[in-house]
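Enquirer: This is the structure, below, for whatever I ask next.
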Amino acid sequence: MENPFRSEAAAFRFLLITIGAFALIVVASWIDPWLGFAVWLLLTAGAVGVYLHQRGPRAPQEHVEHVGPAEERRVLVVANETVGGKELLSAISERALQLGRVRFLVVCPALNTRLKTWTSDEDAARAAAQRRLDATLARFASVGIEARGEVGDLDPLVAIDDAVRTFHPDEIVISTRPEGRSNWLERGVVAAARERFDVTVTHVVVDLGVQDTR
Amino acid sequence: MTSHAETVHEHHGPPAAHRSSRVDARVLGMLLFIGSEVMLFGSFFTVYFFVRVVNPDAPSEWPPPPYELPVFVAGINTAILVTSSFTMHWALQSIKRGQRAAFLAGMVLTFVMGLAFLLTQVIEYLHVGFNTGDGAFASVFFGLTGLHGAHVAIGLTLLGMVIIRGFRGHFSPEHHHGVELPGIYWHFVDIMWIVVYSTVYLL
């Protein structure tokens, strides 16, 4: 859930907008009741449009503040089925070597069907994501990469958003299947993350089909 | 590099409330409460519009004869309540800047204006010329404005607590959640009144 009223200041702004909107509606209604209705309809449509625009992919870009020691780099890795892919492991190993002091946080969004989400049937999805995460962290550890991980929200963008707020990454690595087979690419998750956060967003393509046949 | 891995195993079910919401848990609680309040007011508005739509005199004559509403007095009352939101905002901005005197002045002014609104509404009830049992319009008028009045009373209780705590030295630029939450609530009460006043008195 993304909340439009996060503070008293936001509520106060909403109050001012309400005063302006209702003043318009009342004046229009005094001229003609149907004009008042039309103004109400227009303002409602406008409000919905602004809300959708603010929470959509074109939301204002957020500044991600660097926290921790200046020399330390933080990399957020977001992946689901591709979390154990060789290309991803290679990209992480490369960063571990190049960046020196680096911390990794691996987030596996608990992907679920819409029906199960609506009925709060999420335990199986979270358990599956946890299993993938455990296997991946074990694989990272086996090659000497220090990482911690957690299961994220079922919406990959919200999962990234949550992790950004607590982890403050300097780079976000998003792993997906190749174009045409990736649901995340179809939904524009990588592009949306690039627009939303002012840190480097790297896209790693993992072809699980090729790896399975090797 | 060291070999180290840790995972979060304890958690089951959806993410904790403060994670996916991008908002502090206490603020989220207040907002969910306000969401339920909006639904409550929504039910009262539904009744109001139903009564209005089925009334044969509407829309040429509204409120239906012989009812008359004190639009001007209620307008002054609206101005008082709207002003109290400004002083509430000023009070919060003041405590954020560490200006304690301005914070306390803002809170006291907000409280006094809220109280003035409530007392004026009580006086309006005494002089409006009809009572709750005088037909559907009268019932819904008292129901809607009375529901709002109850919320003002709750808001005044919250503001009173903030004032008492403020005079006892509580709150600072770093810790002012106890002001922020009643502030959100107070603005909500104000917003609802604008909707009630516009709908019941003006339209």
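Enquirer: Can you pull out the residues in region B:161-181 that are in contact (Cβ under 8 Å) with a residue 40 or more places away in the chain and within 14 Å of chain A (Cβ to nearest Cβ)?
Expert: Passing the criteria: B:Val162, B:Phe171, B:His176, B:His177, B:Val179, B:Glu180, B:Leu181.
Enquirer: Tell me, yes or no, whether region A:145-161 has at least one residue that is farther than 20 Å from A:Ala193 by Cβ, crowded, with 22+ Cβ neighbours inside 10 Å and either over 17 Å from the mean Cα position of the chain (by Cα) or at pLDDT below 90 (or both).
Expert: Among the residues of region A:145-161, at least one is farther than 20 Å from A:Ala193 by Cβ, crowded, with 22+ Cβ neighbours inside 10 Å and either over 17 Å from the mean Cα position of the chain (by Cα) or at pLDDT below 90 (or both), which makes the answer yes.
Enquirer: Any chance you could count how many residues in region A:113-124 are more than 10 Å from every other protein chain (Cβ to nearest Cβ) and surrounded by 13 or more Cβ atoms within 10 Å (Cβ to Cβ)?
Expert: Within region A:113-124, residues that are more than 10 Å from every other protein chain (Cβ to nearest Cβ) and surrounded by 13 or more Cβ atoms within 10 Å (Cβ to Cβ) number 1.
Conditions tested, residue by residue: (1) within 12 Å of another protein chain (Cβ to nearest Cβ); (2) touching a strand residue (DSSP E or B) at 6+ places or on another chain (Cβ under 8 Å); (3) assigned to a strand (DSSP E or B); (4) β-branched (Val, Ile, Thr).
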site: A:Ala129; (1), (2), (3), (4): yes, yes, no, no
site: A:Ile160; (1), (2), (3), (4): yes, yes, no, yes
site: A:Pro178; (1), (2), (3), (4): no, yes, no, no
site: A:Arg181; (1), (2), (3), (4): no, no, no, no
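Enquirer: Based on this model, can you work out whether B:Pro65 counts as surrounded by 16 or more Cβ atoms within 10 Å (Cβ to Cβ), in a loop (DSSP other than H, G, I, E, B) and either modelled with pLDDT under 80 or small (Gly, Ala, Ser) (or both)?
Expert: No, not satisfied.
The values are calculated or read from the model by the stated rules, or taken from the named source; none is laboratory data. Computed from a prediction, not measured in an experiment: that's the story for all the values here. All Cβ positions, glycine included, derive from the backbone under ideal geometry; neighbour counts span all protein chains shown.
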